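K.L.:
Dropping a structure here in structure tokens format, bear with me for questions.
The values are calculated or read from the model by the stated rules, or taken from the named source; none is laboratory data. Since the model is a prediction, treat every value here as computed from it, not as a measurement. A quick note on method: Cβ atoms are made from the backbone with ideal geometry, for glycine too, and the neighbour counts reach across all protein chains shown. We work out accessible area using only protein heavy atoms, side chains counted, and drop any ligands, DNA or RNA first. Shrake-Rupley method; radii C 1.70, N 1.55, O 1.52, S 1.80 Å.
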Amino acid sequence: MPGPAHLRRNRVLLEWICLQQPDAEVHWKGQVLGSWEKIEARWRITGQRIRFWFRLQDRQKVAWVSSIQSCSGGLRILLKEHHRQAVPDELEIHWGDGGRDQARGPSDLWPCIRQWIRSEMPGCLVLSVERRSDRARTLSGRFLRVHVRDRGNDCLIVAAGVDAPAELEGSMLTQGLLWLDWLRRRTRVRQPATLFLLVPEGRATVLYHRSRFLNDERVRPVIWEYGDPSDQPWQPRLASAPPAPEEHRDFKWPLLGPFRWSAPLARVLDLAPRSIRRHPRFQEYDSLRILGLEFARVLGVHRDRVCFGLGAQETELSEETFENLHALVNQILFFRRPDSPDSHHPCYRLQSERWLECLILEDVPRLFPELVPQAVYSQIPVYLGKEPGRVDILGTDREGTLVVMELKVSENPDLPLQCLDYWGRVTDHNLRGDFERRGYFAGVRLNRRKPKIYLVAPVFSFHDSTERVLRYLESDLEVWKIAVNEDWRNGVRILAHRRVKCGELP
């Protein structure tokens, strides 16, 4: 069995990945799972060993950490499901350039795409093929971009490689719209252009959903899925609409109450009763947070088990570990405050958007007087088939129109389409009556009008591409751009509350 020094080294490495490399690419048995953050990795120290969990597609994988080794461009975590397993499985985490020589990027697709273009658009003219990043125009180097003119019509092709992380597809549509907008402003395309998005098979669900809400007078999106590039002939197929999600088969809702109580839970809440907030997370556990930072989970049917720790590390609460929990709570209260002595401390930096969310939720009547204060919820799950998503804040105005609020504390070009994604899911749930059926918005009569969209960020933290992307959305969407003060940790103030017109080009 590994000694204390070995255990301490493994724990430190896992903590370091969580804090410093959340976007690192994770590989499991030759398959790209996405980023470290995407697989929701967490662990718990049990005796002299580390129990490790991570999300593997639609299920949770559990194993013991055998060791953690350095490899080219990252780390390799060796895992065993039981002590009798002779050869451990490898979970590889890459954040450098090493170890990716064998990965098939989007540039490797060009021979296949060229053959496909000749088949689909005979006689067309290929105007450009590029993959280079262009930060001035917010264009990523993660996608292949091909500009084709077919019988006077402009066709823009954006392709993701076979081994692209799954979350990259969410930004493909944003990239395509920003590229189209730049070409349009340079008068290199004619309106409306056709935007082809090529993704690996089985990964078109989010793209198909988001593309439904684009203005077809500005752009015509077409989603294609492709199989193994080595197959001949290489023939992508049109993506189809995802099936409507079914409750109990594809998803489940958080319990709104009554809350379950236990002596261990009450003892934790008593450590800081004015600061600790309890959030139900499905039927599985409740999340305990201080200013949005989760520090403990309450488990079990009777909510009588508590695990605590920051990030992915978890420690089971017992008499022996209670003082460690007490110290953690005091540490969070000391560093997670506007006048923190160390703004680089993890307790200050982690989950900043949840911190902003917490401050907004506690001051809804002042900040958003148009909303019904008792009918505002945070982190509500919304579904697209089996694809889960979480709305930062979901509320309703006094006329019963839903409001979808997405928060960012730093520049992010994907903000408009990410919120649009959740808006579409909320719309579908509302039309089916899902919210009322599960007890949400009690006392409010929801209407079936299209929800409003609130994009919320500090005044200087909106990406300069935000309004350019909104130009390509349906013109009847009601989108509000809400700027708050940069020092929002000292108290949130609304500095600007402006409706943005969608679907209008300058």
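K.L.:
So, R0 is 22 Å and r is the distance between the beta-carbons of Cys124 and Glu217; what FRET efficiency does that work out to, to 0.05?
P.N.:
Efficiency at R0 = 22 Å is approximately 0.40.
K.L.:
Under 25 Å between alpha carbons, and skipping anything fewer than 8 positions from Lys80 in its own chain: which lysines qualify?
P.N.:
Filter leaves Lys29, Lys38, Lys61.
K.L.:
Rounded to a whole number, what % of the accessible area of the stretch 125-218 do carbon and sulfur atoms account for, probe 1.4 Å?
P.N.:
Carbon and sulfur: 43 percent of the exposed surface of the stretch 125-218.
K.L.:
Taking every DSSP beta bridge that has both residues in the chain, what percent is antiparallel when rounded to the nearest 5?
P.N.:
75
K.L.:
Work out from phi, with θ = phi - 60° and the Karplus expression 6.51 cos²θ - 1.76 cosθ + 1.60, the ³J(HN,Hα) of each residue of the stretch 326-340, listed in order in whole Hz, and give x for Gly and Pro.
P.N.:
Taking θ as phi minus 60°, the curve returns 4, 5, 5, 4, 5, 5, 5, 4, 6, 8, 8, 8, x, 9, 4 Hz for the stretch 326-340.
K.L.:
Give the cross-link partners of Lys452 among the lysines, using a straight C-alpha distance below 23 Å as the criterion and excluding same-chain residues fewer than 8 apart.
P.N.:
In chain and number order, the partners are Lys408, Lys481, Lys501.
K.L.:
Please give the charge dipole size of the chain, origin at the Cα centre, charges +1 on K and R Cβ atoms and -1 on D and E Cβ atoms. Round to the nearest 20 debye.
P.N.:
Value, rounded to 20: 400 debye.
K.L.:
With a point put 7 Å past each Cα toward its Cβ, work out how far Arg8 is from Ser240 in nm, to one decimal.
P.N.:
The two pseudo-label positions are separated by 5.8 nm.
K.L.:
For the chain, what does the accessible surface come to per residue with a 1.4 Å probe? Please give it in Å².
P.N.:
The answer is 46 Å² per residue.
K.L.:
For the stretch 341-434, which whole-number percentage of the solvent-accessible area (1.4 Å probe, protein heavy atoms only) is attributable to carbon and sulfur atoms?
P.N.:
48
K.L.:
OK, next. Considering only C-alpha atoms, what is the centroid distance from the stretch 370-411 to the stretch 3-58, in Å?
P.N.:
Spelled out, the Cα-based centre of one part sits 30 Å from the other.
K.L.:
Taking amide hydrogens as modeled 1.01 Å from N in the peptide plane, which residues meet the under 5 Å criterion relative to Arg220, leaving out close sequence neighbours?
P.N.:
Ala193, Thr194, Leu195
K.L.:
Count the DSSP beta bridges whose two residues both fall in the stretch 174-320, then state the antiparallel fraction as a percent rounded to the nearest 5.
P.N.:
70
K.L.:
At a 1.4 Å probe, what is the % contribution of carbon and sulfur to the accessible area of the stretch 1-90?
P.N.:
46
K.L.:
I've got another one for you. Separation between the Ala327 and Gln69 pseudo-spin-labels, each 7 Å from Cα along Cα→Cβ, expressed in nm?
P.N.:
According to this spin-label approximation, the distance is 3.4 nm.
K.L.:
In nm, give the distance between the simple-model label positions of Asp464 and Glu37, each being 7 Å from the Cα along the Cα-to-Cβ direction.
P.N.:
In this crude label model, Asp464 to Glu37 measures out at 2.4 nm.
K.L.:
Separate question: Quick one: length gained pulling Asp228 to His82 fully straight, 0.36 nm per residue minus the C-alpha distance?
P.N.:
Contour length minus the Cα-Cα distance gives 49.1 nm.
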